[in-house]
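> Structure in structure tokens, see below.
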Amino acid sequence: MHTFQFLRPKDPATAVASAAQAKTAQQGADIRFLAGGTTLIDLMKLNVETPARLIDINRLPLDKIEATPDGGLKIGATVRNSDLAHHPTVQRNYAVLSQAILAGASAQLRNMATTAGNLLQRTRCVYFRDTAMPCNKRDPGTGCPAITGSNRTLAILGTSEHCIATNPSDMGVAMAALEATIHVQGSKGPRAVPIGEFHLLPGNTPQRETVLEPGDLITYVTFPPPLAGNKHVYLKLRDRASYEFALASAAVVIAIDGGNVTRARIALGGVGTKPWRSPEAEGALVGQPANQANFRKAAEAALRNAKPQSENGFKIELAKRCLAHALQVAATA
Ligand SMILES: Cc1cc2nc3c(=O)[nH]c(=O)nc-3n(C[C@H](O)[C@H](O)[C@H](O)COP(=O)(O)OP(=O)(O)OC[C@H]3O[C@@H](n4cnc5c(N)ncnc54)[C@H](O)[C@@H]3O)c2cc1C
Ligand code: SF4
């Protein structure tokens, strides 16, 4: 591993000022925040990430889960995934988030992994993680061998001719369905970014994955107050029952009254280049009877724009069945 300078600030302002000297906050960043390290240290061992300076943020006061004045929830950036998943308020009012986190990684990893780190985890595309291979995301302009190569686990929604990498986060999918807001402290002050605007589509700049700029520190994530009657389900389909990323997943938050769907918030995982909110599925459901035929119609709508590659066409039907089944489970919960 290459050498790097290591800083351990105690306050966010110092962390932000140190990181603001970076040339970029995207792929190839010369300065990186270190949280749980379960993504970053892995990538440093592979030489995919080679920061000259690491800013350890684990001593910052960002490890609380608190109620907001409006009845919502505020989660600190360094809250461990395990603490978040097992928090009583999260289990009671934001169950889809708890289910999604517990469907990911392993207990040991969840004990280290943090809220912000999970949102910023990188794709598992094999070419991205292998510096002997070309990859537009790691080394812009070198090409995307996945499009004609190994793409079974890669994305079918939101892709471009330059990159088809899947966003691997489970937590981010639940956060998309819960309409989370990501709070960032930057060198120009604080700002709030709705999760739908936080991750970028690859387009012709796949090396840019989020709206973060040099110095930007995620401080916390907030959720709106829970709505009475909402039913929550996270369903994850994968090659083995644990310690595996999603081939397809669905986060469903719906309300049913008098047999009809009155509210629906739906996001998909394992199939998109970012946590994939589906307004198409939501629009197909609201006002309709909560039955299997309509759940299937919503799933068809969600995948209508899917673009399969040579090895991952199976994901279209898999994701449809995943969403339709998640809706059925929620409806009968
Ligand atoms: C074997 C294995 C299996 C896994 N399986 C799953 C799975 O099934 N589902 C799933 O969702 N995830 C899975 N993961 C990924 C895991 O959830 C992430 O590695 C973890 O959430 C990252 O959090 P961290 O705190 O360790 O991040 P770090 O590695 O510390 O940081 C990740 C990135 O975020 C940046 N960062 C961290 N905090 C901040 C902040 N506050 N502000 C700005 N930038 C910040 C860092 O600079 C870095 O670029 C798996 C990981 C491994 C190693
Ligand atoms: S899919 Fe994206 S990450 Fe994978 S090789 Fe292509 S450009 Fe790189």
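> Just need a number here: residues in the range 1-34 that are open to solvent by 50 Å² or more (accessible area, probe 1.4 Å), outside any loop (DSSP other than H, G, I, E, B) and of a type outside the set (A, V, I, L, M, F, W, C).
The number of residues fulfilling the criteria is 2.
> Related question: Would you kindly identify the strands (runs of 3 or more DSSP E) lying entirely within the range 35-79 that contain at least 3 residues that are under 25 Å from Gln21 (Cβ atoms), of a type outside the set (Asp, Glu) and open to solvent by less than 60 Å² (accessible area, probe 1.4 Å)?
Qualifying strands (runs of 3 or more DSSP E): 53-56.
The rows are residues; the columns are (1) acidic (Asp, Glu); (2) closer than 30 Å to Ala146 by Cα.
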| position | (1), (2) |
| --- | --- |
| Gly158 | no, yes |
| Glu161 | yes, yes |
| Ala165 | no, yes |
| Glu179 | yes, no |
| Asn204 | no, yes |
| Leu212 | no, yes |
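> Next up: Suppose we keep only residues that are in a loop (DSSP other than H, G, I, E, B) and away from ligand 2 (no atom under 13 Å from the Cβ) within the range 105-135. Which one would you say is surrounded by the most Cβ atoms within 10 Å (Cβ to Cβ)?
Ala113
> Of (1) open to solvent by 10 Å² or more (accessible area, probe 1.4 Å); (2) touching a residue at least 24 places away in the same chain (Cβ under 8 Å); (3) within 15 Å of ligand 2 (Cβ to nearest atom), Leu154 satisfies all except one. Which?
(1)
Let's see how each residue does on (1) more than 16 Å from the chain's Cα centre (by Cα); (2) at negative phi:
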site	(1), (2)
Leu154	no, yes
Met171	no, yes
Ala176	no, yes
Ala180	no, yes
Gln185	yes, yes
His199	no, yes
Arg208	no, yes
His232	yes, yes
Tyr243	yes, no
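> Suppose the filter is among the basic types (Lys, Arg) and under 24 Å from Arg110 (Cα atoms); does Arg53 pass it? Outline the logic, then answer.
Working: among the basic types (Lys, Arg): yes; under 24 Å from Arg110 (Cα atoms): no.
So Arg53 fails the test.
> Tally the residues that are among the small types (Gly, Ala, Ser) and on the phi > 0 side of the Ramachandran plot, restricting the search to the range 5-63.
Counting residues in the range 5-63 that are among the small types (Gly, Ala, Ser) and on the phi > 0 side of the Ramachandran plot gives 2.
> For Thr89, work out the one condition from (1) free of Cβ contacts under 8 Å to residues at least 12 places away in the same chain; (2) in a helix (DSSP H, G or I) it doesn't fulfil.
Among (1) free of Cβ contacts under 8 Å to residues at least 12 places away in the same chain; (2) in a helix (DSSP H, G or I), Thr89 violates only (1).
> Let me ask you something else. Return the pair list, or none, for Cβ contacts closer than 7 Å from residues in the range 235-264 that are outside any strand (DSSP E or B) to residues that are open to solvent by less than 10 Å² (accessible area, probe 1.4 Å) and away from ligand 1 (no atom under 11 Å from the Cβ), at least 6 apart or on different chains.
From the range 235-264, the pairs are Leu247/Lys315.
> Under 8 Å between Cβ atoms, at least 6 apart or on separate chains: pull out the pairs that start in the range 208-226 with a residue that is free of Cβ contacts under 8 Å to residues at least 40 places away in the same chain and end on any residue that is part of a strand (DSSP E or B).
If the second residue must be part of a strand (DSSP E or B), the pairs left are Val211/Val193.
> Please enumerate the residues belonging to the range 146-158 that are in contact with a Cys (Cβ under 7 Å, 6 or more places away or on another chain) and more than 16 Å from ligand 1 (Cβ to nearest atom).
If the condition is that a residue be in contact with a Cys (Cβ under 7 Å, 6 or more places away or on another chain) and more than 16 Å from ligand 1 (Cβ to nearest atom), then Ala146 is the only one that fits.
> Return a yes/no flag: does the range 233-243 have any residue that is modelled with pLDDT of 95 or more, open to solvent by 30 Å² or more (accessible area, probe 1.4 Å) and in contact with an Asp or Glu (Cβ under 7 Å, 6 or more places away or on another chain).
Yes - at least one qualifying residue is present in the range 233-243.
The values are calculated or read from the model by the stated rules, or taken from the named source; none is laboratory data. It should be emphasised that the depicted structure is a prediction, and the values quoted were computed from it without experimental measurement. Don't worry about glycine lacking a Cβ; one is built from the backbone with ideal geometry, like all the others, and counts go over all protein chains shown. When the accessible area is computed, the model is the full protein with side chains, heavy atoms only, and any ligands, DNA or RNA have been set aside. Shrake-Rupley method; radii C 1.70, N 1.55, O 1.52, S 1.80 Å.
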